[in-house]
Each structure stands twice: as C-alpha cells, then as structure tokens.
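Read the structure below first, then the notes.
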Amino acid sequence: MTFIAKTVNEISSNNLNKRVPETSNGDELGTLSKAINNFINRIDAAVKREKQFTADASHQLRTPLAILKGNLEVLIRKEREPEQYVEEIKNNIHKIDDMSDAIEKLLILARLKSHTLKNPETEELCLYDEIDAILINYKQDILKKGISITLDKSEDCQIQNHKTNLRLVLDNLICNAIKYGEDQTRITISLEPISHHLKLSICNKGQKTPADEINDIFNPFFRNRDHENSEKGYGLGFAIVAKAIDLLKIKIHL
C-alpha cells in the first residue's frame, strides 16, 4: 500500500505515462491498483485531447488572426471614405465567421475523439427524410450554384442508428458535394438496400481527387491541392466524417 501511495504521489501532468504496478493475486490491492491505472489512463487521454485541441486551434487561427490584424492596421493608417471602412469591416467579419466555424469543427472533432459509443443510444430513422432535411438547409447554396439534385428513394429507408452523429456525417458529405460541385451540374444521391445493409451514394461533378491524395483526404487539415486556392476551408469536414463513421460502425468509400 505504501508503494502504491508513493507511486501515485509521483504522478503529475508531466509524467502521466507512469503506472502503479499491478498484482495478479486477486486481492483488494490488485483491484485498487487496476482501478488507479484505469483512472490515470482516462486522465492521460483527456490531457492529450486538450493538448491536441490547443495545438490544432493555434495552428488554424494563427494565420487568419495575423491577416485580420494586418488589415485593421492598414485601415487606420490614413483617413478613408465611409464606404471603404464599411467594406473592410464586412470582409473582416467574414474572416471572423470562418474562424468561428473552424473552432466549432475542432470542438466537434475533440468531442468525437472522447466518445467510444460502446452502448450508443440508437433510434429508428428514415434516411431519406434525414437527407431531405439537410438539403433544405443548403437550399440557398444549391440555387446560387444552379445545381440540380436527384434523390432516389429506396423502398426501405429505415435504419437503426445514433441520430446526432449520423446527421453529422450526412451534413458534412452533402455540404462537401455542394461546395465542390461545379456550377450548373447535378448531384445524385441514391439509397440502395444490399443484403442487410443500406448503401448511400453521393455523387457530384467537380475536380477529380488525385490518386495520391485519396488515402489522405480523411486526415485533419488535409486539403486537396486543387481546392486550396479555389475554395475556403480548413480540411476538417472529412476528418469529422471519418471519426463519426468509426464510432457508428459504418463503412465509407471514396
């Protein structure tokens, strides 16, 4: 017991890799040492997630904050017309909105990484209705780009799954299809029952993803080199999808 107490006292946030020696005697000390180690494992995982979030947020916000600061400094160097102030303020507000969106996605990613969904609370959902509701949210973007949507409904669209995380997957995939779909083209969404599963396909027409980037597209902050200059983004949407489908035991293929 003294040795366990000594080891616990030596553990801090700087050496969370240290563990209490476990015995296999099946006595109370063995049970206690295992419980302590499991507790330290959870703390270690939480600290790592916090450090990763801090690093990710810092990485993503450093550049836009520098740009925002530079724009404001230029704005106050000399007196300008009121219209110029209004235009520049609007531009900076858009940059702040982009940063807020990035932070929100980082928080979602951190939340997903902290969940295991060993016993997820599932409910019966109509996949067609879920997709239709998400498409309504992007109505303005669809109209602006002149995109046509074809949604093929299967006879059986009912599934049993975790509603929040499933919506997260669908929203990111549909948003991506619209964002990177070419103007005046068609996005086809189809539902097809296969064996005891339901296959969802989302197909758009846009720039093809290079073969050497296929394996990286679900990594956080990865951006297709053809999209970096044409579309704004932080490369977090597909990373969120990858983590969510892992929790939901869903397979995805690009």
Relative contact order of region 78-161, pairs being alpha-carbon contacts under 8 Å that are 6 or more residues apart, as %: 39
Cβ-defined net charge surrounding I40, 9 Å radius [Lys, Arg +1; Asp, Glu -1]: +2
Table column - 3J(HN,Hα) (Hz), region 76-90, Karplus curve with 6.51, -1.76, 1.60, x for Gly and Pro: 9, 6, 8, 6, 10, 6, x, 5, 5, 5, 4, 4, 5, 5, 4
Relative contact order of region 123-236, defined on C-alpha pairs under 8 angstrom at six or more residues apart (%): 24
Net charge over other residues, Cβ less than 13 angstrom from the Cβ of N17 (K, R count +1; D, E count -1): +1
J(HN,Hα) series, region 179-196, from Karplus relation 6.51 cos²θ - 1.76 cosθ + 1.60, nearest Hz, glycine and proline x: 4, 9, x, 6, 4, 6, 10, 10, 10, 10, 10, 10, 10, 9, x, 10, 6, 9
Spin-label pair A110/E124, simplified geometry with 7 Å Cα→Cβ offset, distance in nm: 3.9
N215 versus T150: modelled label distance in nm, points set 7 Å from Cα along the beta carbon direction: 3.4
Difference of contour (0.36 nm per residue) and Cα-Cα distance, H196 to E10: 61.7 nm
Point-to-point label distance, C203-R77, nm (Cα→Cβ direction, 7 Å offset): 5.3
Per DSSP, loop GluC sites (Glu not before Pro) in region 91-186 with at most 11 further Cβ within 10 Å: E121, E155
Stretch gain in nm, segment N91-H253, where the contour uses 0.36 nm per residue and the Cα spacing is subtracted: 54.6 nm
Karplus (6.51, -1.76, 1.60) ³J(HN,Hα), θ = phi - 60°, over region 147-162, in Hz, Gly and Pro reported as x: 8, 9, 10, 10, 10, 8, 8, 7, 5, 10, 10, 7, 9, 10, 7, 7
Calculated FRET value between Q84 and R62, using beta carbons and R₀ = 45 Å, to 0.05: 0.95
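Values quoted throughout were computed directly from the atomic coordinates according to the rules given, and no laboratory measurement underlies them. None of the values given here were measured: they were computed from a predicted structure. Reconstructed Cβ throughout: ideal geometry from the backbone, glycine too, with neighbour counts over all protein chains shown.
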